[in-house]
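So the structure is just underneath, and the comments pick up after that.
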Amino acid sequence: MRPTQVESADDVINGSEGTSGVMLMLLIPLLWFVLAFVIGVAAERRGRSGFGWFLLAVLLSPLIAGILLAVLPDLYMRSLLEEPRRSSAVDDRALDQAIKRGRRES
């Protein structure tokens, strides 16, 4: 039996033809930025800073940023849920004031 030859790291990266390694080296950063962009868009839709989350995803990892974004509450939905409460509180105050004015006049 013939011992197998150990390939160098360059051989593994470049492959047998040499172009597949270059394509892989170009594909990884491209995929990284595309995923970071997706994280930025998702953050913007959740009421957070899209550019800030894009930078976080580029610097750390799109996977880590995506997990953080999924764990944190959706600020957009929270603001929509709190909006009726604020307007009803204002309406209640206006109603109370109108009732008090009505009592004073009579």
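Between residue 45 and residue 61, what is the label-to-label distance in nm when each label sits 7 Å out along the Cα-to-Cβ direction?
2.4 nm
Would you kindly state how much longer the chain becomes between residue 20 and residue 101 on full extension, computed as 0.36 nm times their sequence separation minus their alpha carbon distance, in nm to one decimal?
Working: separation 81, 0.36 × 81 = 29.16 nm, distance 8.11 nm.
Difference between extended and current length: 21.0 nm.
Here, each number is a calculation from the coordinates, and none is a lab measurement. Note that the structure is predicted; figures quoted are calculated from it, not measured. When we count neighbours, we look across all protein chains shown, and the Cβ atoms used for this are built from the backbone with ideal geometry, even at glycine.
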